[in-house]
Amino acid sequence: MLLQIILSGILVGFVYSLVAVGLTLIWGVMDIINFAHGDFLMVSMYTVFWLYTLLRLDPLASLPIAALVTFVLSFLTYKLIIKRVINAPGLTALLATFGLSLFIRNFAQYLWTPNYRFITTSLVTDKKLEMGSVIIGIPQLVAALGSIMMTFLVVWFIKNTKTGRAIQAAAQSRDTAKLMGINTEKIYAVTFGISGACVGVAGALLATFFPIYPESGALYSLLAFVIVALGGFGNIAGALYGGVLIGLSEALGGFFLGTQFKYAIVFLIYLLVLQFRPKGLFGW
Amino acid sequence: MNVKNFRIDTLYGILIVILLLPFMNSNINFRHVMVIFLIFAGLGEAWNIITGFAGQTSFGHAAFFGIGAYTSTILFYKFGISPWIGMLAGAVLATVISVIVSYPCFRLKGHYFAIATLAVAEIIKQLFISWDYVEGATGISIPIVEESVTSMQFHSSKIPYFLIAYVLFLITTMTARYIENNKMGFYLKAIRESHEAAEALGIDTTRYKLYAMMVSAALTATFGTLYAQYILYIDPFMVFTLEVSMKIVLLSVLGGLGNIYGPIIGAAILIPLSEYTRVYLGGTGKGIDLMIFGALIIFVACFEPNGILGLLKKKRSRRRGDVYARADA
Amino acid sequence: MFMQEPMLEVQNVTMKFGSLIANEDVSFSVHKGEIVSLIGPNGAGKTTLFNCITGFYRPYAGRIYFQGRDITGRPPHEITAMGLTRTFQIVKPLKEMTVKENVLTGAFLRASSRKEAEKIAEEVLEMTSLSGKKDMPAGSLTIADKKRLEIARALATGPKMVMLDEAMAGLNQTEIKEAMELCLNLKNRGITLLIVEHIMEAIMPISDRVVVLNAGKKIADASPEEVTSNEEVIKAYLGERYHAKSKKSEHGV
Amino acid sequence: MLKVRNLSTGYDGVPVIFDVSFEVREGEMVSIVGSNGAGKTTILKTISGLLKPFSGEIEFLDKRIDRMPAHEIVKLGIAHVPEGRHVFGKMTVRDNLLLGAYTLESDTDIKKVLEEVYEIFPRLKERENQKAETLSGGEQQMLAIARGLMSRPKLLLVDEMSLGLMPILVDKVLDILKEISRRGMTILLVEQKVQEALEMADRGYVLQTGRIVAEGTGKELLESDLVKKAYMGM
Amino acid sequence: MRKIGPVLLVLVLVLTTALSGCGQNQSQPDKTDGVIKIGAILPLTGPASATGVKLKYAIETAQELINGEHPEIDLELAKTAGLPNLKGAKVEFIFADHQANPEVAKSEAERLIQNEKVAALIGCYHSSATKPASQVAERFGIPFVAGSSSSAALTERGLKWFTRIAPHDGMETKLFFDYLKYLNEKYNAGIRKIAVVYIDNEYGVHAFQMVEKEIQNYKADGFELVADVKYPANVSNVDTEVQKIKAAAPDAIFHASYIGDMTMFVKKYKEMNVVPKVVLSYCGGYQDPQFVKNLGKDADYFAGPNATTSALFEKMPVLAKINEIYKAKAGVDIDGPTLEDFASAMVIAEAINRAGSTDPAKVLEVLKNHEFAAPYFVSGKIKFGEDGQNVYSASVMTQIQNGVYEAVWPETSQTKEPIPAFPAWDKR
């Protein structure tokens, strides 16, 4: 029983991680709080849903398309909105992304009605692994594995490619990056795009077992904030472990203290950890 | 021209105009908007003390708002104690809570602090949802009694509510202004600009941040009481929600941070805007009102990144200059 | 002219960051009314020592006394309140506030009312020749004025002793001269000074004593003349060129 | 090679530089000296595109560059070694250098430049895989210069390399700069250590509160009354 | 700082714009102009907007029936255009969005009454919104007919002007136990252990309180509570919740969940192999036709009370015709809560018609003393008690069988016999 709970917690945690990775990336590079992050997740889920409904495309097959859609959406968000507020003082960027979140969410309602939708017959639906008393849903397993893969892909990209190095450079000092001949505007837009692609992948993976509706990104986005801070802003590894920690504490805390408290426990864990590591688990 | 006098005159002018408005239009919905406007402008002022002045971003002010609302409501609902006393008790309780939660939060800086306040508010919300004594998730319908000043219930007119809101708003604004112009204001701003420089100037940063938090919390709580008495129903989802915290943040940022005019201007724009877009477009059921609302927020943020106040006092024309360069010079 | 009353006493201070030793067993003292300079190569641990003295760091070992009271590990604001304050190498102007507001903020430490604070601020602005710029936002000052503002703000707290961290770096010759005069002026007002500086030309003439740090350790503590001829100091820090130049200026001026 | 005509520029609409004109010819080492706050850094930032001029023209290899974004200017062959070094502390020395070569397309080119740079700075080769923030101040300054060289610039802008360095290191870094100049690099140096900068330079300009007040060869300037009085304390 | 003067200007500008906007509203034509306005306050945006929008369609359906001529439908107001007793006056429903926020519900109620001059209010779906909104109606002396708000507390407040169509959760709970008793007696189902799974908000918590209360009356029948699982209102996964339920191994699960979480639970039940005998759902997610659409075969055998089901259309021609109109708008069949709000619209219009005026006192008199024909409900009629609660429970127990909500109990309106035990998930 305990094993089951721990496993479920870890699997859920990895999906949280992926959502948080996208968030922490732009946070680290641009110091922007993107309140619309969860709504990109929702857009990705709808993308997958419509591809599935209209073209009978399996969510896993349409994953790259969803990632592309959110990449473009995110890229455009930078070009049209963030670019204008990135130099503004304090909380203005937050104001803008909050407005964006409101807009996307309600635009989704306008276009697609507020109905809850589900993808009922995907490749992984209803499949499961049974090992003794422990049961693992294949959709969750695939989502967790997908999250890990995507996270490592992002890390690899940042560490080992020219664009990745440029992202790192822009994160540390924008003007010096410019002096290297780096088009920081483009790099920022690409970073935003990658962040979008991360939630895009997360959305596609989630779509196989999570209801799809205009508000479905809201909770993930809130948890992602906590995870990002828990891991240390801008730290991708931190986001990965933070997500798992949150998934675990949610599952264990919920089981032992009452499921209604599971998110309260998550917040409590955040406060506790930060008492000892004021800059997050991996913060510098 | 004496700058200080001019500023005082402007503030008084604004205050008088606000006071007169609901008497110029007896429309109930307009007066409702005025009451809500004052409540949120006041909340913005209170929040501004800790975030605008002291630079400690709080995403958790709904916690104090809710504590204010619940304290007076419980005292009235269970013991029949006048909400006025409840308002004071709420302010005191919020102050105490603010001290308790500040202790772990002030160890954190910047975004870590902001998320921590959010976490605290969410935890408090969950406690209230699960707390049977305060009726938990089912919420409390405040028993309707005859209208009177003591019961803080008025059924025939909104004017008394407006006046109470006005007085609270006035107290809050004047408190903020007093702080801004005196030692505490200078100290808070010094903390905002540079923690280390402030320490080197002999400022006990933790203590002053704590003071700011306490004042801010107490003022926020009084509006909670009024809000509960005004709606006559509360539940945790309504007063402790992140939406309340964010609304306060948004309108203050929209108006301009760190200045007593900011929240007034922000609330004067945001509250009527959200009210009237909903009134005129909300009935369609397609979310058009919030779409437009969201788009307008984006628009303001993009074209006036310093808040509306920034637009008014734009001295330096090239505002999107290189921040890095300035910081580096 | 020295009153042999120790203002500041640093006893065997050691400071570590992980395995990196920034200060090792450093001891020295500053007497009332003195100007003492702390010099040493980059990375010698001067700023770290400053941070230990003013309470920004808690030393790993050793004790620090100010006017005979143990201030080791006390928070910076308490130390400032006792009368020991500092400026920062990387200036930290309160950017959104005007010059006067910056100084006012410091003045509130001793003033009980706004009026009194204003008075102190005016005086200090006058003394540091910032009066003409008092309504400018601190963020838009030139680097020289920002350094001056750092000093002004520190003075507004009514200190008995001020510690200046590279307050002259980046100033031109004229400005350095002004700064030197300011230091002497402060000394005449009875304020004790501890200065970290690179510009030898500036500090040698005004210092009563020079303490030299190298790689975290104190290698010299003597009068300027003695220090400049100390072989170890020259090797570690000044380099041959300075040696030559100082000789030249001895003859030249 | 570089012509600056009637340049006015500054931050946030506040002018710092007024009507400044100068030029740098191929192969020269030119110094702009002046105290901090005179606007030296501002000029370099405007040349490299970090700041946009309020008025005036900047021409590089007969091309107007004053409206170009910074990254395009780098491609044309101007490298700017910023004041205060600004190495990417969280990245390795090697990654820092590779970023310097960001504008180079071919991998073989990059490899070649890297080798050349390592030859000038053997010390950096030793520390190739160390994080830049763990380097000492002098090493960081060298890294900053080396990084500037990585883009194979035709013109190297160097800003205040003596800032925050102990005297012994200043000498060392200046020697390196001389060496690079000797190899044929055109250099525009901005410095407040007037003596050292003018000693090295072919030609120099003296900047005071945003205006050029004197120009000439390094020697001429060193001997001028103006410089002697204002900067040498004589 | 000096240029702060324009601040004043902006402030005045904004507020006067607001002012003028309101002024126009106020000079609306008088209500006797042949149009009777009724306010409908619904959650049209936010998390519950899926339901809110459907309720809006239902009320529009009612409006169409009342204002148009539909002789084919056996309803008093459908046959003639408009309200016959008010010279064929038309009824217009004014929709307002409360965004699931009590403050907004209150202010919208005030606005509708004062600015739009509505003769009555209906709504608000969320009990938390219905509470303050109906208090406004009380203060102004305007009738409020709630359709689908189910909190028992609503009718316990002693309000004079408040009535409600839907059975409240206390009544539903009784129905649950009676149904289980029926299964035990008739089919020997052997149901004893009960788990309650509920969302942590007013709706869920109140439902659970009712279970705690009612189960005392059914102790003799052997029912016992073995688990109560409360989950947060906005939930991202229900793994832990399902673990807890599985550990308790209940025979019956009572669900108070919305459509999204309900669906997640069902999927998890399947994944974790949780097989209770019966799952009964309070008015909420289960009743939404989307439930069957999303879950397909997995939705089978779930059960819950419902004001209607498509299986009943055959038996009830009036309902079938109403559904035709509704389906054209909404694209789905009419469901329980929707029908209850439809009923609230019909009832208030009928009450005004019978009163022959919009005089609130007269309308209230009709509401409280008359019985209304409701051929679209199984009960066939609506009558409000002293407290304003509809005394005829409008619900039947339904169970999904082969994707259809079949009426299974009481036997009088049965369309299919109930299936008293879940088959194993892999044996479907």
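Among the candidates A:Phe233, A:Phe267, single out the residue that is in a loop (DSSP other than H, G, I, E, B) and either under 20 Å from the mean Cα position of the chain (by Cα) or of a type in the set (A, V, I, L, M, F, W, C) (or both).
On the way: A:Phe267 fails: in a loop (DSSP other than H, G, I, E, B).
After ruling out the rest, the residue left standing is A:Phe233.
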Going by what's in this entry, would B:Ala114 be described as in a helix (DSSP H, G or I), buried (at least 21 other Cβ atoms within 10 Å of the Cβ) and within 14 Å of chain A (Cβ to nearest Cβ)?
yes
Selected residue [within 22 Å of B:Gly110 (Cα to Cα), at pLDDT below 90 and surrounded by fewer than 24 Cβ atoms within 10 Å (Cβ to Cβ)] from A:Gly280, A:Gly234, A:Gly258:
A:Gly234
Does E:Ile113 meet the test of being facing another protein chain (nearest Cβ under 9 Å), closer than 18 Å to E:Phe162 by Cα, open to solvent by 10 Å² or more (accessible area, probe 1.4 Å) and among the β-branched types (Val, Ile, Thr)?
yes
Read through the list (1) out of contact with any Gly (no Cβ under 6 Å at 6 or more places or on another chain); (2) within 12 Å of chain B (Cβ to nearest Cβ), then give the number of the only condition that A:Ala204 fails.
(2)
B:Tyr77 passes all but one of (1) under 20 Å from the mean Cα position of the chain (by Cα); (2) within 14 Å of another protein chain (Cβ to nearest Cβ); which number fails?
(1)
Subset of segment E:248-260 that is out of contact with any helix residue (DSSP H, G or I) (no Cβ under 9 Å at 6 or more places or on another chain) and within 13 Å of chain A (Cβ to nearest Cβ) - its residue that is least open to solvent (accessible area, probe 1.4 Å):
E:Ala248
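Per-residue answers, yes or no, for (1) in a loop (DSSP other than H, G, I, E, B); (2) of a type outside the set (Lys, Arg); (3) buried (at least 24 other Cβ atoms within 10 Å of the Cβ):
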residue	(1), (2), (3)
E:Ala105	no, yes, yes
E:Val118	yes, yes, yes
E:Ser148	yes, yes, yes
E:Ala153	no, yes, no
Conditions (1) farther than 22 Å from C:Val36 by Cβ; (2) of a type outside the set (A, V, I, L, M); (3) in a loop (DSSP other than H, G, I, E, B): number failed by C:Glu126
(3)
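Got a number for residues in segment B:158-183 being without any contact (Cβ under 8 Å) to a residue 24 or more places away in the chain and outside any helix (DSSP H, G or I)?
Looking only at that region, the number is 1.
Name the single residue that is nearest to D:Tyr11 (Cα to Cα) among those in segment C:103-123 being in a helix (DSSP H, G or I) and open to solvent by 50 Å² or more (accessible area, probe 1.4 Å). Working first, answer last.
Step one: of segment C:103-123, the residues in a helix (DSSP H, G or I) are C:103-107, C:114-123.
Now narrow it down to the ones that are open to solvent by 50 Å² or more (accessible area, probe 1.4 Å): C:114-116, C:119, C:122-123.
Values: C:Arg114: 34, C:Lys115: 35, C:Glu116: 36, C:Lys119: 33, C:Glu122: 29, C:Glu123: 31 Å.
Here the residue is C:Glu122.
It is to be established whether one or more residues within segment A:93-103 are assigned to a helix (DSSP H, G or I), open to solvent by 50 Å² or more (accessible area, probe 1.4 Å) and either more than 9 Å from chain B (Cβ to nearest Cβ) or of a type in the set (A, V, I, L, M) (or both).
Here is the first cut: in segment A:93-103, the ones assigned to a helix (DSSP H, G or I) are A:93-103.
Checking which are open to solvent by 50 Å² or more (accessible area, probe 1.4 Å) leaves us with A:103.
Still in the running and either more than 9 Å from chain B (Cβ to nearest Cβ) or of a type in the set (A, V, I, L, M) (or both): none.
No, segment A:93-103 contains no residue that is assigned to a helix (DSSP H, G or I), open to solvent by 50 Å² or more (accessible area, probe 1.4 Å) and either more than 9 Å from chain B (Cβ to nearest Cβ) or of a type in the set (A, V, I, L, M) (or both).
Table: residues versus (1) open to solvent by less than 10 Å² (accessible area, probe 1.4 Å); (2) among the hydrophobic types (A, V, I, L, M, F, W, C); (3) touching a residue at least 24 places away in the same chain (Cβ under 8 Å).
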{"position": "D:Val170", "(1), (2), (3)": "yes, yes, yes"}
{"position": "D:Leu177", "(1), (2), (3)": "yes, yes, yes"}
{"position": "D:Thr186", "(1), (2), (3)": "yes, no, yes"}
{"position": "D:Val190", "(1), (2), (3)": "yes, yes, yes"}
{"position": "D:Ala197", "(1), (2), (3)": "yes, yes, yes"}
{"position": "D:Asp202", "(1), (2), (3)": "no, no, yes"}
{"position": "D:Leu207", "(1), (2), (3)": "yes, yes, yes"}
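Do the conditions hold for D:Ser136, that is, is it surrounded by fewer than 16 Cβ atoms within 10 Å (Cβ to Cβ) and of a type in the set (S, T, N, Q)? Show your work before the answer.
On the way: surrounded by fewer than 16 Cβ atoms within 10 Å (Cβ to Cβ): yes; of a type in the set (S, T, N, Q): yes.
When the stated conditions are applied, D:Ser136 passes them.
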Please tell me if D:Val87 is within 30 Å of C:Ile39 (Cβ to Cβ), in a strand (DSSP E or B) and open to solvent by less than 30 Å² (accessible area, probe 1.4 Å).
no
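Just to be sure, is D:Glu116 among the charged types (D, E, K, R), over 19 Å from D:Met1 (Cα atoms) and within 14 Å of chain C (Cβ to nearest Cβ)? Before the answer, list the steps.
On the way: among the charged types (D, E, K, R): yes; over 19 Å from D:Met1 (Cα atoms): yes; within 14 Å of chain C (Cβ to nearest Cβ): no.
Against the criterion (among the charged types (D, E, K, R), over 19 Å from D:Met1 (Cα atoms) and within 14 Å of chain C (Cβ to nearest Cβ)), D:Glu116 does not qualify.
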Screening E:Val292, E:Val278, E:Val347 for residues that are open to solvent by less than 20 Å² (accessible area, probe 1.4 Å) and either more than 22 Å from E:Ile165 (Cα to Cα) or over 17 Å from the mean Cα position of the chain (by Cα) (or both) leaves only E:Val278
Just checking, which of B:Val134, B:Val145, B:Val99 is in contact (Cβ under 8 Å) with a residue 40 or more places away in the chain, away from every other protein chain (no Cβ under 11 Å) and under 22 Å from E:Lys131 (Cα atoms)?
B:Val134
Matching residues in segment D:40-72 (out of contact with any Asp or Glu (no Cβ under 9 Å at 6 or more places or on another chain), under 19 Å from D:Gln208 (Cα atoms) and within 14 Å of chain A (Cβ to nearest Cβ)) number 1
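At pLDDT below 90, touching a strand residue (DSSP E or B) at 6+ places or on another chain (Cβ under 7 Å) and either crowded, with 24+ Cβ neighbours inside 10 Å or over 30 Å from E:Asn353 (Cα atoms) (or both): is that true of E:Asp169 in this structure?
It is false that E:Asp169 is at pLDDT below 90, touching a strand residue (DSSP E or B) at 6+ places or on another chain (Cβ under 7 Å) and either crowded, with 24+ Cβ neighbours inside 10 Å or over 30 Å from E:Asn353 (Cα atoms) (or both).
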Looking at (1) more than 8 Å from every other protein chain (Cβ to nearest Cβ); (2) under 26 Å from E:Tyr258 (Cβ atoms); (3) open to solvent by 10 Å² or more (accessible area, probe 1.4 Å), which is the only condition E:Ser128 fails?
(1)
Limited to segment B:271-300, what total is found for residues that are open to solvent by 10 Å² or more (accessible area, probe 1.4 Å) and under 27 Å from B:Ala176 (Cα atoms)?
3
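The values are calculated or read from the model by the stated rules, or taken from the named source; none is laboratory data. Here the structure is a predicted model, which means the values were calculated and not measured. All Cβ positions, even for glycine, are placed from backbone atoms using ideal geometry, and neighbour counts span all protein chains on display. Note: areas computed on protein heavy atoms with side chains; ligands, DNA, RNA excluded. Shrake-Rupley method; radii C 1.70, N 1.55, O 1.52, S 1.80 Å.
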